[in-house]
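Here's the structure we're looking at; comments come further down.
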Amino acid sequence: MLLDGKSMVVTGGNSGIGEAIVLAAAAEGANMVIDYVAHPEEVATLISRIESAGGHAVGVQADVSKVADLHTMIDKAVQTYGRLDVLVNNAGVETRTSLMDTTEADFDKVIAINLKSAFFGTQLAAKQFLAQGSGGLVLNISSVHEDWPMPGNIAYCVSKGGTRMLTRTAGVELGPHNIRVVNIAPGAVNTPINTSTENDPAKLKSLDAAIPLGRMALPGEIADVVVFLASGKAGYMTATTVVIDGGIMQGSVGL
Ligand code: BGC
């Protein structure tokens, strides 16, 4: 199996892309820590699915916007599996507000959950990797909007632009220790973050029309790339972004 025995933490692992990553990595033999803030029942369901397939998973309730909770989360991996190999900074939110409409509370929330969490998560994971002495991997689930403006979703774009520079700079700083940092930039994915688009047929039609492949990604299509990046087959990739967007960034902008 591609991820045999790797200890892997996924933030926001109970839904959307995070859930797909948890299931795909566990199926490849990784030992999972599923971070969540709410809905423990979703985590319990995931754990029983994984365990009945012969895998290993535990849940940890940690609000990734708080550094103290990030400590708890990393500690959970070390206490349970004896080490940490991969941290996936996946948890994310968006407010769908423009510059003029974004409140201080909106901005602080988006930056704390999307960017601050990835920053300090990367820092804490790197400390653990250095203590273990055999390298490690941080994967940040970013977005095409780390590089591509989305008018009406500005705080999200700012957070993802920051994640892009986090990955590039941390990747350079940590490279000499064989600690890799890679961003994954999905386009539109069929997850709860896009529920409002999915429930609006006109919006969905124009989104699909803007995507050269003509449809949103399935969460599992993002998870498959995560598995590849976390495997020994991607050992030379760091400080960069892998885009998985069905070609949307090359297409028209009518979102
Ligand atoms: C955003 C979605 C958006 C998609 C494509 C994602 O990062 O979360 O709201 O539909 O990018 O633009």
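All of the numbers you see were taken from the coordinates with simple rules; none came from a lab. All of these numbers come straight from a predicted model, not from anything done at the bench. Glycine also receives a Cβ, built like all others from the backbone with ideal geometry; neighbour counts cover every protein chain displayed.
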Handout entry: Breaking point among (1) within 16 Å of the ligand (Cβ to nearest atom); (2) farther than 23 Å from ALA234 by Cβ; (3) not charged (D, E, K, R), for ALA118
Key = (2)
Handout entry: When residues of the stretch 83-100 are limited to those that are surrounded by fewer than 18 Cβ atoms within 10 Å (Cβ to Cβ) and within 16 Å of the ligand (Cβ to nearest atom), the one nearest to ALA230 (Cα to Cα)
Key = VAL93
Exercise for the section: Could you tell me which of the residues LYS160, LYS109, LYS116 is farther than 29 Å from ASP4 by Cα, within 18 Å of the chain's Cα centre (by Cα) and surrounded by fewer than 18 Cβ atoms within 10 Å (Cβ to Cβ)? Expected result: LYS109
Fill in the blank from the handout: Residues of the stretch 204-217 being without any contact (Cβ under 8 Å) to a residue 40 or more places away in the chain, part of a loop (DSSP other than H, G, I, E, B) and either more than 20 Å from GLN250 (Cβ to Cβ) or within 12 Å of the ligand (Cβ to nearest atom) (or both), in sequence order, are MET216
Problem - Flag if VAL43 is farther than 23 Å from ILE179 by Cβ, among the aliphatic types (A, V, I, L, M) and within 19 Å of the chain's Cα centre (by Cα) - result: yes
Handout entry: Residue list for the stretch 167-203, restricted to those being within 16 Å of the ligand (Cβ to nearest atom), among the β-branched types (Val, Ile, Thr) and either on the phi > 0 side of the Ramachandran plot or within 16 Å of the chain's Cα centre (by Cα) (or both)
Key = THR167, ILE184, VAL189, THR191, ILE193
Handout entry: Among the candidates ALA126, ALA91, residue that is under 13 Å from ASP35 (Cα atoms) and within 17 Å of the chain's Cα centre (by Cα)
Key = ALA91
